[in-house]
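Worksheet: the structure to be examined is printed underneath.
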Amino acid sequence: MRLLVALKALLFVVLLPGVVAVYVPWHIMHASHSFGVPPRNVSTIAAALVVAIGAVVLLRCVWDFLAAGHGTLAPVDPPRRLVVRGLYRYTRNPMYNGVLAMILGQAWLFRSPALVAYALGVFAINHLFVVLYEERTLASRFGDAYLAYRRAVPRWGFTRRPYRKVDPGA
């Protein structure tokens, strides 16, 4: 059973953030004729590091959804438990932040204004999805636990103090 959930998680990583953060940017780069080998310098290394950090953030969040939430990142197979561990203790949407870091890192790496514009569009769509669907769904599914989490942890920014789940029985 765990293997099936893991395979579904992998499939959804390829289908959702894989398309948004890798496939579409690759096509944008080819369409704008700005795809090439970046120069080897400190800026290139820093840009590649931003892409790598974004990928690590994304994969860590997928792992937390699988291990703690017993679900995937796809709205059709969401976590069955509220995930408030790892990076989710500091920001409510680290997975989206990781994807945006990957796109912006690629924009920096290839010096692509088209990818910056794409990243802004991705952020706007993510924001609308979070506000209009995701937050309402999570509040309905997880009730007071989610509402307490939402009050304590910022939607897009970061908190310096990690969220600690309050035990109602204590």
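Listed here are the residues, each with its yes/no results for (1) within 26 Å of Pro25 (Cβ to Cβ); (2) in contact with a Ser or Thr (Cβ under 6 Å, 6 or more places away or on another chain); (3) polar (S, T, N, Q); (4) surrounded by 19 or more Cβ atoms within 10 Å (Cβ to Cβ).
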position	(1), (2), (3), (4)
Gly86	yes, no, no, no
Gly98	yes, no, no, yes
Ala124	yes, no, no, no
Arg136	no, no, no, no
Asp144	no, no, no, no
Arg151	no, no, no, no
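The sole residue among Leu87, Leu82, Leu66 that is within 23 Å of Ala139 (Cα to Cα) and assigned to a loop (DSSP other than H, G, I, E, B) is Leu82. Ala74 passes every criterion in (1) under 19 Å from Gly98 (Cα atoms); (2) out of contact with any helix residue (DSSP H, G or I) (no Cβ under 7 Å at 6 or more places or on another chain); (3) surrounded by 14 or more Cβ atoms within 10 Å (Cβ to Cβ); (4) at pLDDT below 90 apart from (2).
For region 93-121, the set of residues classified as farther than 22 Å from Val14 by Cα and outside any helix (DSSP H, G or I) consists of Arg111, Ser112, listed by residue number.
Selection of first residues in region 94-110 that are farther than 17 Å from Val19 by Cβ and of second residues that are among the hydroxyl-bearing types (Ser, Thr, Tyr), restricted to Cβ pairs under 6 Å at least 6 apart or on distinct chains, gives the following pairs, ordered by first then second residue: Phe110/Ser34. In region 40-52 there is no residue matching the filter, namely being surrounded by fewer than 20 Cβ atoms within 10 Å (Cβ to Cβ), without any contact (Cβ under 8 Å) to a residue 24 or more places away in the chain and hydroxyl-bearing (Ser, Thr, Tyr).
Residues in region 122-164 that are in contact (Cβ under 8 Å) with a residue 40 or more places away in the chain, more than 17 Å from Val76 (Cα to Cα) and outside any loop (DSSP other than H, G, I, E, B): Val122, Ala145, Tyr146, Tyr149, Arg150. When region 1-57 is filtered for residues that are outside any helix (DSSP H, G or I), modelled with pLDDT under 80 and not hydrophobic (A, V, I, L, M, F, W, C), the ones remaining, listed by number, are Ser32, His33, Ser34, Gly36, Pro38, Pro39.
The values are calculated or read from the model by the stated rules, or taken from the named source; none is laboratory data. Keep in mind it's a predicted model, so treat the numbers as computed, not measured. Backbone-built Cβ (ideal geometry, glycine too); neighbour counts: all protein chains shown.
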